[in-house]
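Asker: Here you go, one structure.
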Amino acid sequence: MIAADPVAALAARHRWRWPEALPWLAAVAAFFLFPGYLALGAQILASILYGLSIDLVLGYGGIVTLGQAAFFGTGAYTAGLLAAHGMGAPEPGLIAAGLAAAALGALSGLAVLRLSGLAQLMATLMVAAMLQSAADKASAITGGADGLQNMAVGKVLGLFAFGLYGRTAYLYALAVLFLCFLGMRALVHSPFGRSLVGMRENAARMTALGAPVFARRLIAYTIAAGMAGISGALYAQSTGFVAPDSLGFDRSGNILVMLLLGGIGRLYGAFIGVPLFMVAQDRLSDLDPAYWYFWIGLGLVLMVRFARGGILGLAARIRRE
Amino acid sequence: MHQALSAAISIGFFGLAYAMVLYLISVGLSVTLGLMGVVNLAHGAFAMFGGYAVTELMARAGLPFWAALIAGVVLVAAGGAVLERVLYRRLYGGDELDQVLLTIGLVFMSLAAARFGFGTLDQVFHPPPALAGTITIAGRSFPTYRSFLILSGAALVALLWLGLDRTRFGAMLRAAVDNPRMAEAVGIDTGRLFAVSFALGSGLAALGGGLGAEILPISPAYPVQYLVDFLTVVAVGGAGSIRGPFLAALLLGISQTAFLYFWPASGSFFIDALTLGLLMWRPRGLVPAA
Amino acid sequence: MTPALETIGLTRAFGAVTVADGIDFRLAPGARHALIGPNGAGKTSFVNLVTGALAPSAGRVLLDGADVTRLAPAARARRGIVRSFQITSLFRNLTVLENVTLAVTERHGAGGGMIRPAGKRRALIEEAWAGLEQLGLADEAARPVRTLAYGRQRLVELAVALALRPRVLLLDEPAAGVPAEEAGRIVAAVEGLPAELAVLIIEHDLELVFRLARRITVLVAGRVLMEGSPAEVAEDPRVREVYLGGRRA
Ligand SMILES: Nc1ncnc2c1ncn2[C@@H]1O[C@H](COP(=O)(O)OP(=O)(O)O)[C@@H](O)[C@H]1O
Ligand SMILES: [Mg+2]
């Protein structure tokens, strides 16, 4: 027998470990330490949620997507349109955004998930691109390329207004992120989550085990779409603005980079990659507005050469050695 | 009736010129994907630098169009060969996500570099005097440069296909796409084959970028702006295929021109829908490789 | 008696190559049946047709007399048609225990559960563990499959299949290229299977075939050349010519 009992180890995998408290402690500390940056902070928190949705699709589901912005933008527009039409209460807006995005996820998933490889990647891209064109064109509803202007977002819990300094936005985003994270964490530790990993590793084998691969992927895709939608709604509500670029290719691509930077399929990759990328973007583009892309690009290239699996992957390797 | 005919001719003409550019740029992408299994999201950067080389060498060094074009192709092909050795080689058959990350990294670097070197504005492209102006065919006038694009594009495509059909290199390339392990077993040096194909693909992209600088204006945003078009041509045509992307380029070039002609505002929506439909219908492309 | 598994006129071609040419085949309940034939005869394709991984161009597949030809592969697996793969097909980055736990979880129909942690279904993990102990894999339970030697991986392949508690078990060359120790384990495991389970084993090692099988079907170029007891097959001149002769050459 080996030292640790493998059965006990597997049975204990879902238990909370102390380092898992760190991101939340850091987020609360940041609220007090950087009062001048809470608006940026709220966007970072919303983007972490967006990153989690990519992690579910790609890291756990193995579905290669360059079109997650379709769901982010759908959520953003849903919340935005509600707020622009006198239904500005943030919480119902958030829920409606999640549901709308999830519905779109289920619908487009029926098509996208029948494909694989490049065709799948392109199909996700096309879905987002179509929505972006539609948002651009339907200016009577969406404000077109100028964006949706006249949002009137209500108070959180009917008490806290979204102010200039982003205090409300920050705490609101943090609370929503935390709740969604609890759900996501439970999901990836559930038998469903484990079977997603099985399908990512070897879908043919999962089928031979009797698992309904397509249906489970569709469910995962739908849930992830809902999460992306909620994240888009957080953006819309905290900035009071939505434009077609919320459905754009950059929105899909950058989040992928952020997640890969942190480490994919590890649940916490987004908590590392997203703040790193967004803070670096904020700082570097202050120092050197034109060329910050060069440094982040160089960082990515070096990472593939020397730190595969992202920062968490590197950390795991160092710990093993 | 006359109007409809006139519209059809315009669409066919401009669509064809656009298709040639799309194909020249995308064919290398198809090869890297089919042969090396690498999703090269940075492929558009080769075309962009081809475009910069042509416009800058003409404007600053006073080179004639032809010389600038050839110099651009050679420079970019050489750059491609170096990158293949140093970076791409490690990605072959590897993790898709590593490929995405590394090639996006290259895209970021290239757009910052282009911005540093050439500013943010679109490059000004003047066709050489011999190709400026318009020509009149059957009582209609067509821009001379676009006519030249169609003809030279067709000639290049014919040359490429003949070359790949008739040469030893072409035979090896086809064998390796069909069955890489078999190719290796019969003594094909796949390492060299990959390097040469990659350089060739980059060179063709530079050629497309340079020739097409009038249709797809050269700016630092180029590698991102048109990436989706290039990927679409490859995915719809069939990754790894040489001829499939040509079919796809024609289809997309002409239908894009047509949609934008009739419905300038909502054309792109229908193009994307068409692409999605084609992908669903033929997931491995119109002409699947192997 | 209704066969556990029956195929009627099962047919499929890849281009010009016919891999299954009207195969009529019956696997009795409790059978220990071997499918032999030269390389490329279509044995693996037959397994693929039966499990649904490959769609036939004609013919039917019956499980306990019920037509399953139109059922999806996963549905057939849930009904008890279970296979092992000739080319090891496992979750390489997951541990041995996890590989088998995934199988056990699916068999219990618990794989879609989204709320309760997988770890809290300890009975499933214990069951997987028991399966590993049975095959002598317990020491490697916590190791990722990719780090195991080939012979050990073949054992895991078998463990995963057995964890599904099959009704019909299709083993595709389970012991080919496996060192003696693991091969012995595989044979012992097959010999120890529940008597009522119907087993079809594809195997090249004739010594092993004669030891395990009570009936043998010989497949050549997608057609059933003959079927009979081991003695009948061993004596058949056609079999000697096509199969034994071919292998000796
Ligand atoms: N997916 C496929 N596409 C084309 N040919 C195939 C495919 N699978 C198997 N074949 C061919 O079918 C024949 C039978 O293969 P297989 O069933 O694996 O034989 P066996 O298991 O008896 O060695 C072989 O000639 C093989 O090359
Ligand atoms: Mg076989």
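Laboratory data are not the source of any read-out in this text; all were calculated from the coordinates shown. Only a predicted model underlies this, so the values are computations on that prediction, with no experimental measurement involved. Cβ: placed from backbone, ideal geometry, glycine included. Neighbour counts: every protein chain shown.
Asker: To check my understanding: the extent here is largest minus smallest coordinate of the Cα atoms along each principal axis. What are those three numbers for segment A:64-161, in Å, largest first?
Answerer: In descending order, the Cα extents are 48, 27, 16 Å.
Asker: What list of whole percents do you get for P(r) of segment B:155-215, with Cα-Cα distances grouped in 5 Å bins up to the one holding the largest distance?
Answerer: 4, 17, 22, 23, 15, 10, 6, 3, 1, 0
Asker: Now a separate question. Compare the Cα positions of A:G229, A:P244, A:G210 along the charge dipole of segment A:36-248 (+1 at Cβ of Lys, Arg; -1 at Cβ of Asp, Glu; about the Cα centre) and return the one farthest towards the positive end.
Answerer: Towards the positive end, the residue furthest out is A:G210.
Asker: How long are the semi-axes of the ellipsoid equivalent to chain C, from square roots of 5 times the Cα gyration tensor eigenvalues, in whole Å, largest first?
Answerer: Working: eigenvalues 191, 92, 50 Å².
Working from the Cα gyration tensor, I get semi-axes of 31, 21, 16 Å.
Asker: Shape verdict for segment A:224-321, please, from the Cα gyration tensor: rounded (a/c under 1.5), prolate (a/b greater than b/c) or oblate.
Answerer: Working: a/c = 2.36, a/b = 1.38, b/c = 1.72.
Because a/c hits 1.5 or more and a/b fails to exceed b/c, segment A:224-321 counts as oblate.
Asker: Let me understand segment A:242-289 better: what is its radius of gyration from the alpha carbons, and its Dmax, in angstrom?
Answerer: Cα-based Rg and Dmax for segment A:242-289 come out at 12.1, 33 Å.
Asker: Going by alpha carbons, how many degrees (0 to 90, nearest 10) lie between the helix axis of A:117-137 and the longest principal axis of chain A?
Answerer: Taking the Cα atoms of chain A, the angle to A:117-137 is about 10 degrees.
Asker: Once you put a point 7 Å from the Cα of B:L5 and another 7 Å from the Cα of A:A307, both along the Cβ direction, what distance in nm separates them?
Answerer: So the two model labels end up 6.7 nm from each other.
Asker: Once you order the gyration tensor axes a ≥ b ≥ c over the Cα atoms, which shape class does the protein assembly as shown get: rounded for a/c under 1.5, otherwise prolate or oblate by comparing a/b with b/c? Walk me through the intermediate numbers first.
Answerer: Values: a/c = 2.04, a/b = 1.33, b/c = 1.53.
Note, shape of the protein assembly as shown comes out oblate.
Asker: If you don't mind, another one. Taking 0.36 nm per intervening residue step and subtracting the Cα-Cα distance, what contour gain separates B:A158 from B:T120 on full extension?
Answerer: Working: separation 38, 0.36 × 38 = 13.68 nm, distance 3.58 nm.
Answer, rounded to one decimal: 10.1 nm.
Asker: Something else: In debye to the nearest 20, how big a dipole does segment A:184-321 give about its Cα centre with +1 on each Lys and Arg Cβ and -1 on each Asp and Glu Cβ?
Answerer: Numbers: 14 positive and 7 negative charges, 172 e Å.
Approximately 820 debye in magnitude.
Asker: Which value in nm describes the separation of the simple spin-label points at C:E181 and A:L25, placed 7 Å from the Cα toward the beta carbon?
Answerer: Computed distance between label sites C:E181 and A:L25 equals 4.7 nm.
Asker: Kindly provide the Kirkwood hydrodynamic radius of segment C:61-113 in Å, to one decimal, from all pairs of distinct alpha carbon atoms. Mind dumping the intermediate values first?
Answerer: Details: mean 1/r = 0.0781 Å⁻¹.
By the Kirkwood definition, the hydrodynamic radius is 12.8 Å.
Asker: Which value in Å does the Kirkwood hydrodynamic radius of chain A take, with 1/r averaged over all unlike C-alpha pairs and then inverted?
Answerer: 20.3 Å
Asker: Compute the long axis of helix C:122-134 from its Cα atoms, compare it with the longest principal axis of the Cα atoms of chain C, and write down the angle in degrees, 0 to 90, nearest 10.
Answerer: Long axis of C:122-134 versus the principal axis of chain C: about 50 degrees.
Asker: Please report the projected area of segment C:114-249's Cα convex hull averaged over all directions, in nm².
Answerer: Its average projected convex-hull area is 10.9 nm².
Asker: Select from B:Q225, B:S241, B:A53 the residue farthest towards the positive end of the dipole of chain B; place +1 on Cβ of Lys and Arg, -1 on Cβ of Asp and Glu, and compute about the Cα centre.
Answerer: Value computed over the given set: B:S241.
Asker: So which GluC sites (Glu not before Pro) in segment C:152-235 end up in coil per DSSP with only 13 or fewer other C-beta atoms within 10 Å?
Answerer: Filter output for segment C:152-235: C:E196.
Asker: Once both axes come from the Cα atoms, what is the angle between helix A:249-262 and the longest principal axis of chain A, in degrees from 0 to 90, rounded to 10?
Answerer: 40 degrees
Asker: Now for a separate question. Between Rg and the Kirkwood Rh of segment C:177-230, both from Cα atoms, what is the Rg to Rh ratio? Mind dumping the intermediate values first?
Answerer: Values: Rg = 12.5 Å, Rh = 12.5 Å.
Using Cα coordinates only, the ratio equals 1.00.
Asker: Using DSSP to define loop residues, name the trypsin sites (Lys or Arg not before Pro) in segment C:1-77 whose beta-carbon has at most 15 other beta-carbon atoms within 10 Å. Please report the intermediate quantities before stating the final value.
Answerer: Numbers: sites: C:R12, C:R26, C:R32, C:K43, C:R60, C:R70, C:R76; in loops: C:R70.
Taking segment C:1-77 and a limit of 15 other Cβ atoms within 10 Å, the loop trypsin sites (Lys or Arg not before Pro) found are C:R70.
Asker: Rounding to the nearest 20 debye, state how big the charge dipole of segment B:2-281 is about its Cα centre with +1 on each Lys and Arg Cβ and -1 on each Asp and Glu Cβ. All intermediate terms of the calculation are to be shown ahead of the outcome.
Answerer: Numbers: 13 positive and 13 negative charges, 95 e Å.
So the magnitude is around 460 debye.
Asker: Over all directions, how big on average is the projection of the convex hull of the alpha-carbon atoms in segment C:1-140, in square nanometres? The partial results should precede the final answer.
Answerer: Working: hull surface 43.6 nm².
Here the figure is 10.9 nm², rounded to one decimal.
Asker: Okay, next question. Is the shape of segment B:2-281 rounded, prolate or oblate, going by the alpha carbon gyration tensor and its root eigenvalues a ≥ b ≥ c, with a/c under 1.5 for rounded and a/b larger than b/c for prolate?
Answerer: Values: a/c = 1.57, a/b = 1.34, b/c = 1.17.
Prolate shape, in that a/c is at least 1.5 and a/b is the bigger ratio.
Asker: Rounded to the nearest 20 Debye, what is the dipole magnitude of chain A about its Cα centre when Lys and Arg each give +1 and Asp and Glu each give -1 at the C-beta? Walk me through the numbers before you get to the answer.
Answerer: Values: 21 positive and 13 negative charges, 214 e Å.
With Lys and Arg at +1 and Asp and Glu at -1, about 1020 debye.
Asker: Follow-up question, since we're still on this one. In chain B, with Lys and Arg counted as +1 and Asp and Glu as -1 at Cβ, which of these residues, B:F198, B:A171, B:A71, has the Cα nearest the positive end of the dipole, that is, farthest along it?
Answerer: B:A171
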